[in-house]
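The values are calculated or read from the model by the stated rules, or taken from the named source; none is laboratory data. Predicted, not measured: the structure shown is a model, and the values here were computed from it. Glycine gets a Cβ as well: all are built from the backbone with ideal geometry, and neighbour counts include every protein chain shown.
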Amino acid sequence: MNTSALWQAFQQTIMPHCAFCGLSRIAGYPLCTQCHEALPWLQPEQNLPLSGCPASLSAFVYQAPISNLLLGIKFGKNLRELATLGELTATGILPQLEKVPDAILPVPLHNARLHKRGFNQALELARPLAKQLGIPLLTRTITRNKATLPQTELNAKQRQHNLQQAFQLNIPTPYRHIAIFDDVITTGATARELAALLLANGVEHVEIWSCARTIFTPQTHD
Ligand SMILES: [Zn+2]
């Protein structure tokens, strides 16, 4: 190994590369400063309440490059990108927290879809949050017992109907404050259905967290 190759190897060890662009990254963080700043971090004024939903916290606005990453992960099983996005999600959500919940409940996938895909992206994305907060991830409390159609193919009314009785509580939960976690929140229909089930079974406080959420630009009239 010549000196320059050695120097490169040394540099990569002490200054690992940004997961997006390959430049030197911020110590202890997956990205470089430029890539971190270019991401569509959700601003407090963009976090408008979702109709009929508990309060929500999201790291990002659902737009490029986050939307592309999430779609790529869903269909390409890129677990390294999933881990990076999980870390970024924690970076966006943790500073917004007012009270730490007792547990996180990732939105469950139906077993058939889980077997086909091999992983639940909501669960994988929530791992760094659970780890950093030192709270459990609830993976068996609720199952999805109806193979629902992908929500993205339906309108708002069809989404709600599609989800009726889609979830089932398997074990009573001792936790009083639970954060439901999904990869993306659009209308909030999935989270609303899960929140209703938890609240009907003794949970006192439910909130919704996600990696990204869609935002609606208010119509302006002149
Ligand atoms: Zn970068």
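Considering only residues that are among the aliphatic types (A, V, I, L, M) and at pLDDT 95 or above, which ones fall in segment 32-51? Full working, then the answer.
First pass over segment 32-51, keeping only residues among the aliphatic types (A, V, I, L, M): 38-39, 42, 48, 50.
38, 39, 42 - these are the residues of segment 32-51 that are among the aliphatic types (A, V, I, L, M) and at pLDDT 95 or above.
Of the residues in segment 168-185, at least one is farther than 21 Å from residue 140 by Cβ, among the aliphatic types (A, V, I, L, M) and at pLDDT 90 or above.
Results for (1) within 18 Å of the chain's Cα centre (by Cα); (2) within 16 Å of the ligand (Cβ to nearest atom); (3) assigned by TED's automatic domain parsing to the domain that holds residue 87, shown as yes or no for each residue.
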| site | (1), (2), (3) |
| --- | --- |
| 16 | no, yes, no |
| 62 | yes, no, yes |
| 65 | yes, yes, yes |
| 69 | yes, yes, yes |
| 72 | yes, no, yes |
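Just wondering, is there one or more residues in segment 94-105 that are surrounded by 15 or more Cβ atoms within 10 Å (Cβ to Cβ), within 12 Å of the chain's Cα centre (by Cα), in the same structural domain as residue 188 (by TED's automatic domain parsing) and under 17 Å from residue 184 (Cα atoms)? Within segment 94-105, one or more residues are surrounded by 15 or more Cβ atoms within 10 Å (Cβ to Cβ), within 12 Å of the chain's Cα centre (by Cα), in the same structural domain as residue 188 (by TED's automatic domain parsing) and under 17 Å from residue 184 (Cα atoms). Scanning segment 123-145 for residues that are under 14 Å from residue 170 (Cα atoms) and either in contact with a Gly (Cβ under 7 Å, 6 or more places away or on another chain) or in a loop (DSSP other than H, G, I, E, B) (or both) yields 138, 139, 140, 141, 145.
So for segment 52-60 (the condition being within 23 Å of residue 167 (Cβ to Cβ), at pLDDT below 85 and away from the ligand (no atom under 15 Å from the Cβ)), does at least one residue qualify? Show your work before the answer.
In the first step, residues of segment 52-60 are kept if they are within 23 Å of residue 167 (Cβ to Cβ); the result is 52-58.
Cutting the leftovers down to at pLDDT below 85 gives us 52-53.
Now narrow it down to the ones that are away from the ligand (no atom under 15 Å from the Cβ): 52-53.
Yes, because at least one residue in segment 52-60 is within 23 Å of residue 167 (Cβ to Cβ), at pLDDT below 85 and away from the ligand (no atom under 15 Å from the Cβ).
Among the numbered conditions (1) touching a residue at least 24 places away in the same chain (Cβ under 8 Å); (2) surrounded by 13 or more Cβ atoms within 10 Å (Cβ to Cβ); (3) more than 21 Å from residue 16 (Cβ to Cβ), the only one that residue 111 does not meet is (2).
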